[in-house]
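Asker: Below is the structure I would like to discuss, written out as structure tokens.
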Amino acid sequence: MSHATAFFLVFGLALSVTLILVPLGIYLGRRFGVTVKAGGRRQSDADRRRLSRLGGIAIFGGFVTAVLAAQILPVPRMDPYEIIRLTGLLLGAACIFIVGLLDDIFEFSSLPQFLGQYLAAAIAISFQIFIEFFNNPLTGQQTDPWPFIVTVTISFFWLVGMMNTMNWLDGLDGLAGGVALIAAVLLFVNSAFRVEEPQISVSLLHLALMGATLGFLLFNFNPARIVLGSGAVLLGYILGSLSIIGGAKMATILLVMGLPLLDAVWQIVNRVRSGRSPFEGDRGHLHFRLVDMGLSQRQIVLGYYGFCALFGGIALITSSQLFKFIALGVLLLIATVGFIGLSRLSHGRSSSAAGAAGVAGAAGLASGADDSLEDSLASSAPSSD
């Protein structure tokens, strides 16, 4: 079997299964009331429609079905530990899916959600999905393998961080799903065409994610008919794991996900500084601020797509680790300046609104005082009778 045929079969299967399961998720969500709640942090037209939150069913079903089917295809498998890592990937995904589905239905507090994330990350690491080294940006050479405790710690925070980043990114129609699709495409191109020995079996995993996210995005792009719900956490887990499996592709993911990751870090810092929980949901994220400034959902989402694709593409057009490192620095600078500017703009608008409210209140009091004085004068005037 040719590689192209294997690629087509896996992608097509993931896409087809997802397209079948999305309407099921829409029906079940509406049937059992697992829908977007009015007044939530989205505060969009979703508040006025019964949007199902069971999108994770389609993502999980499409991805897992295609991954399992890919294992029977006669393609080269270079990694002797691939089946072990694949088992860990699927077990962790099942853990996240089950916890997420229960959370969508019963709306858990944050503790059970985080316990599910920690368990999924622990499963992945125990099945050898961990970061052992990185490429020195100055020399391009791999570092020596890290001590086990360092490997486990960094891998754990990477996986949990990716899960929460994708969850927080899922605030607008098509945003998280589209960014995940872009990341999957870039990972596929990198593993299938840009390495000396194409990693065909790993590329099939990327294609499975591509098919699942594309199929879901057809129903999730604005105006959405379904949202990811806790399926966003599942996407983060899969992306975090795939960036490790088959050789580290951290630079690609960091450049694609750089803006969402920096936004997540920025919000965590802001929440801690204001004495709130770092994992408390709010409308402080970049995409919500842009909505509050008057941009449409489509404008913001397409802007995110372009930004992520632009910086992710840098990882494909150059093999220089130093150039990628510089690109990360540029991304960090742009994001930092943007976040500071938006924060000051938001603060200025809040101050202006408060000042306007104060002026209106003072005017109301003055008007009330004038009315009272006029009434008093009228009552004290001599009668004409």
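The values are calculated or read from the model by the stated rules, or taken from the named source; none is laboratory data. What you see is a predicted model; the values in this text were computed from it and never measured. Using ideal geometry, Cβ is built from the backbone for each residue, glycine included, and neighbour counts are taken over all protein chains shown.
Asker: Which of the residues spanning the stretch 78-131 are acidic (D, E) and buried (at least 17 other Cβ atoms within 10 Å of the Cβ)?
Answerer: Within the stretch 78-131, E82, D103, D104 meet the criteria.
Asker: Test L295 against the criterion of being in contact with a helix residue (DSSP H, G or I) (Cβ under 9 Å, 6 or more places away or on another chain) and surrounded by 16 or more Cβ atoms within 10 Å (Cβ to Cβ), and give yes or no.
Answerer: No.
Asker: Is at least one residue of the stretch 128-136 part of a loop (DSSP other than H, G, I, E, B), of a type outside the set (D, E) and touching a Gly at 6+ places or on another chain (Cβ under 9 Å)?
Answerer: Within the stretch 128-136 (the criterion being part of a loop (DSSP other than H, G, I, E, B), of a type outside the set (D, E) and touching a Gly at 6+ places or on another chain (Cβ under 9 Å)), the answer is yes, since at least one residue qualifies.
Asker: Here's something else I'd like to know. What number of residues in the stretch 17-33 are basic (K, R) and exposed (fewer than 14 other Cβ atoms within 10 Å of the Cβ)?
Answerer: 1
Asker: Can you tell me which residue in the stretch 233-287 is farthest from A335 (Cα to Cα), limited to those that are among the β-branched types (V, I, T) and buried (at least 20 other Cβ atoms within 10 Å of the Cβ)?
Answerer: Filtering the stretch 233-287 for residues that are among the β-branched types (V, I, T) and buried (at least 20 other Cβ atoms within 10 Å of the Cβ), the one farthest from A335 (Cα to Cα) comes out as I245.
Asker: Between V233, V272, which is part of a helix (DSSP H, G or I), farther than 30 Å from E197 by Cα and without any contact (Cβ under 8 Å) to a residue 24 or more places away in the chain?
Answerer: V272 is the lone residue from the list that is part of a helix (DSSP H, G or I), farther than 30 Å from E197 by Cα and without any contact (Cβ under 8 Å) to a residue 24 or more places away in the chain.
Asker: From the set of residues in the stretch 294-322 that are closer than 11 Å to L255 by Cβ and of a type in the set (F, W, Y), which is modelled with the highest pLDDT?
Answerer: F307
Asker: Do any residues in the stretch 189-214 that are within 22 Å of I83 (Cβ to Cβ) have Cβ atoms under 7 Å from those of residues that are surrounded by 24 or more Cβ atoms within 10 Å (Cβ to Cβ) and aromatic (F, W, Y), where the two are at least six apart or on different chains, and which pairs are they?
Answerer: Every condition considered, the pairs that remain are A208/F63; L209/F63; A212/F63.
Asker: Take the residues in the stretch 59-110 that are farther than 21 Å from G231 by Cβ and β-branched (V, I, T); name whichever of them is modelled with the lowest pLDDT.
Answerer: Among residues in the stretch 59-110 that are farther than 21 Å from G231 by Cβ and β-branched (V, I, T), the one modelled with the lowest pLDDT is V75.
Asker: Can you tell me which residue among A38, A14, A46 is surrounded by 14 or more Cβ atoms within 10 Å (Cβ to Cβ) and at pLDDT below 95?
Answerer: A46
Asker: Here's something else I'd like to know. Mind checking whether some residue in the stretch 185-193 is of a type outside the set (A, V, I, L, M, F, W, C), surrounded by fewer than 24 Cβ atoms within 10 Å (Cβ to Cβ) and more than 16 Å from the chain's Cα centre (by Cα)?
Answerer: yes
Asker: Here's another thing I want to ask about it. Give me the residue from the stretch 127-155 that is farther than 30 Å from R53 by Cβ and of a type in the set (S, T, Y) and, out of that set, modelled with the highest pLDDT.
Answerer: Here the answer is T153.
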